[in-house]
Amino acid sequence: MYGLEAIAHNNGWTIAVTGACIVFAGLSALSFVISQLHKLVALLDRPPKPILEVVVEPKPEVRARPDCPSDLHLTLTLYQPLIDELEPEFELAELYALARKYHLPHPHLSIRCLRDAGKLEPLGDGIFRFSA
Amino acid sequence: MDLILQFLHNTGFYLADYRNLIMIVVGSFFVYLAIHKNYEPLLLLPIGFGIILGNIPFFKGFGIGIYEPNSVLHYLYFGVTSGVYPSIIFLGLGAMTDFSFLLGNPKLMLLGAAAQMGIFFTYLCALGLGFTAQEASSIGIIGGADGPTSIFLTAKLAPHLIGPIAIAAYSYMALIPIIQPPIMLLLTSKKERLIRMPDMREVSRKEIIIFPVVGMVLCTFLAPASIPLLGPFFFGNILKESGVVDRLANTARTAIIDTATILVGLTVGASTQGDVFLNPKSVGIFALGAVAFSIATASGILFAKFMNLFLKQKINPLLGAAGVSAVPGSAREVHMMGQKTDPTNFLLMHAVACNSSGVIGSAVCAGILWSFLIG
C-alpha cells in the first residue's frame, strides 16, 4: 500500500498532527514556565520581614494642672510668675508665648479672662501692664 | 593441501562480496572526511572505521560477526539495540549543556519545537512510500538531527533498520555545513539576516538549578516514553549546575560520554554489513533522511519569520535553523551565516538556546511516537 491510502490506513494524519500539537504545546508550556521562573525565584529570595519589637516608651508624666480659665484666682496664680518674668510693660503676644512655653492650658482664654477682670491694663499700641 | 585450501576458502579474499567492498569504500570515505576534512570527526571516525570493520568478510558460524550471538561485537552492539548507549550519551550531553541562554530568552524554545515538524512531515512521506508505521517513525526521527534519539527510537520500533538510520542521522549531522546554509540563504532575506538579537537578561543560579527539575517533570509527564532520554539528560545537567558534584559532572561529560560515543560509533558502523545494509530500503532511508533534515531546518526558519509578524523585538530567522538538535553544529553554522552577512552580529549564544530546546523537542517527539506505536 502506497501514497495517501497508506497514510490514511496507518492513521498517519492523526498521529502526525497530534504529535506535532503535543510537542508544540509541551514546549510552549515549558517556555512559559521558565519565563516565570525568575519571578518564583525572586519570591523565594525575598528577605524575611524583620520582626520589629514595639518598644513602648513610658509616657512622660504630665502633671495635672488646674484647668479652669474662668477661675480668676487660679489663673492669676498660674500667670503671675510669667508676668513677673516680663518687662512691666509688655505685649500680649509675649505673654502668650510664655504661656505656650510653659504649657499652660488655654492661654487665649486665660489671657482674655485676665483682661476682662481688668488685671491687664491697656496702654495703647498693643502694650499692656499688669495691674494688681 | 586440503588444509591450505580450506584456510584460503575461509579468508576474506575468498569470501568477499561486492557489497562488502562497496561498504569498505564508504567507510574509508567517512574516515577521510573525518580526518582530512574534519567533518564531525568524533562521530565519523568511529562510524567509518566501524563500517570497514563490519564489512570484513568472515566465515559465518564462528561467532565473529555483529549479528551472530555470542560474538564480542554482538555484546557491544547490545548497548545500541537495548537503547542503553543513547541514554548514557544523553547523560553526558546534559552535563555539557548550558541552559542559561534558553532561560534568558524562553521564547526561543518555540523554534526548537517548530524544527521538529520535519519529523512528522517525513513520517508521512515514509508512510506514503510504503514503510510500516514503526519504520516510518524511525525514519522521521532523523529529522530531529539527533543521532542518539534516532538510535533509541529505532531500537524500540524498527531494530532491523538501526544501521541505515543511525548512519543517515550521523551523516546528516556531519553534513550540516553543506545542507543547512543553502536553505538558510533561500528562506531569508539579507535584511532578516542582519537582525540583531537583544542582550539576554542575567539568569540567576537558582533558576539554572531549578530548571532541570521543572523541565524533566513537565516533559516526562507529557511524554513518559521519553524518560530514558530526558531523565539522564536533565540528571546530567543538574550534576553540572548544582556545583556540589563537580567530579561526577566532569566524568559524565568526558569519560562516560566518550566511551558511549566510541562504542555507538564503532558498533553502528559495524552493523552496516553489506549483505544486510545495501538494499533499496537503505537508499530510501537516506533520501528521506535528507528530506527530514531539510524540512526541519526550513520549518524552524519559517516559524521564526512567522513569530516576527507578532513580535516587537524581531528574532533573526536564521536561529530557526538551530532548532534542530545537532549540538553544537547547527548553532555554529547559524552563527557563521550571521557573521557572513554582518561580521559584528553574534548569534552563537541565541543559537545554542534553540539547539538545547531542539534536543528536548526531539526527545519528546521520540517519546510521543514510541507511545503511539508501541502496540
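The values are calculated or read from the model by the stated rules, or taken from the named source; none is laboratory data. Nothing here was measured: the structure is a model prediction, and the numbers come from that model. Cβ placement follows ideal geometry from the backbone for every residue including glycine, while neighbour counts extend to all protein chains displayed.
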The one condition in (1) more than 7 Å from chain A (Cβ to nearest Cβ); (2) assigned to a helix (DSSP H, G or I); (3) under 30 Å from residue A:35 (Cβ atoms) that residue B:135 fails to fulfil | (3)
A careful count of residues in the stretch B:243-290 that are crowded, with 18+ Cβ neighbours inside 10 Å and not in a helix (DSSP H, G or I) gives 4
Taking residue B:148 as meeting all but one of (1) within 18 Å of residue B:361 (Cβ to Cβ); (2) more than 13 Å from every other protein chain (Cβ to nearest Cβ); (3) at pLDDT below 90, write down the number of the exception.
-> (3)
Right, residue B:248: away from chain A (no Cβ under 13 Å) and of a type in the set (A, V, I, L, M) or not?
-> yes
Going through the stretch B:21-65 in order, the residues found to be over 21 Å from residue B:76 (Cβ atoms) and touching an Asp or Glu at 6+ places or on another chain (Cβ under 9 Å) are B:33
Would you confirm whether any residue within the stretch B:95-110 is of a type outside the set (Ser, Thr, Tyr) and more than 23 Å from residue B:348 (Cα to Cα)?
-> no
Exclusive hit being in contact with a helix residue (DSSP H, G or I) (Cβ under 6 Å, 6 or more places away or on another chain) and within 14 Å of chain A (Cβ to nearest Cβ), set B:45, B:124, B:53, B:91 = B:124
Which condition number in (1) within 14 Å of chain A (Cβ to nearest Cβ); (2) surrounded by fewer than 18 Cβ atoms within 10 Å (Cβ to Cβ); (3) hydrophobic (A, V, I, L, M, F, W, C) is the one that residue B:78 fails?
-> (1)
Name every residue in the stretch A:5-26 that is of a type outside the set (Ser, Thr, Tyr) and either more than 7 Å from chain B (Cβ to nearest Cβ) or surrounded by fewer than 12 Cβ atoms within 10 Å (Cβ to Cβ) (or both), in order of residue number.
-> A:5, A:8, A:9, A:11, A:13, A:17, A:21, A:25
Residues that are over 16 Å from residue B:191 (Cβ atoms), of a type in the set (Lys, Arg) and free of Cβ contacts under 8 Å to residues at least 12 places away in the same chain, drawn from the stretch B:307-346 | B:312
Identify the residue in the stretch B:4-25 that is touching a Gly at 6+ places or on another chain (Cβ under 8 Å) and hydrophobic (A, V, I, L, M, F, W, C) and, among all such residues, is surrounded by the most Cβ atoms within 10 Å (Cβ to Cβ).
-> B:23
Please specify each residue of the stretch B:27-84 satisfying the condition of being within 20 Å of the chain's Cα centre (by Cα) and among the hydroxyl-bearing types (Ser, Thr, Tyr).
-> B:39, B:77, B:81, B:82
Which residues, counting only those in the stretch B:110-121, are within 18 Å of residue B:172 (Cβ to Cβ) and either more than 7 Å from chain A (Cβ to nearest Cβ) or charged (D, E, K, R) (or both)?
-> B:115, B:118, B:119, B:121
In the stretch B:347-375, residues that are modelled with pLDDT under 90 and either within 19 Å of residue B:192 (Cα to Cα) or not aliphatic (A, V, I, L, M) (or both) total 1
Going through the stretch A:86-128 in order, the residues found to be of a type in the set (D, E, K, R) and surrounded by 13 or more Cβ atoms within 10 Å (Cβ to Cβ) are A:91, A:94, A:112, A:115, A:119
Filter the stretch B:192-218 down to residues that are more than 21 Å from residue B:361 (Cβ to Cβ) and outside any helix (DSSP H, G or I), then give me how many there are.
-> 8
With criteria (1) more than 14 Å from every other protein chain (Cβ to nearest Cβ); (2) within 24 Å of residue B:355 (Cα to Cα), residue B:107 comes up short on (1)
Breaking point among (1) touching a Gly at 6+ places or on another chain (Cβ under 6 Å); (2) within 14 Å of another protein chain (Cβ to nearest Cβ); (3) not polar (S, T, N, Q), for residue B:214 = (1)
Listing of helices (runs of 4 or more DSSP H) fully contained in the stretch A:1-101 that carry 2 or more residues being at pLDDT 90 or above = A:3-9, A:12-45
Hey, does the stretch B:307-315 have a residue that's assigned to a helix (DSSP H, G or I), within 14 Å of chain A (Cβ to nearest Cβ) and at negative phi?
-> yes
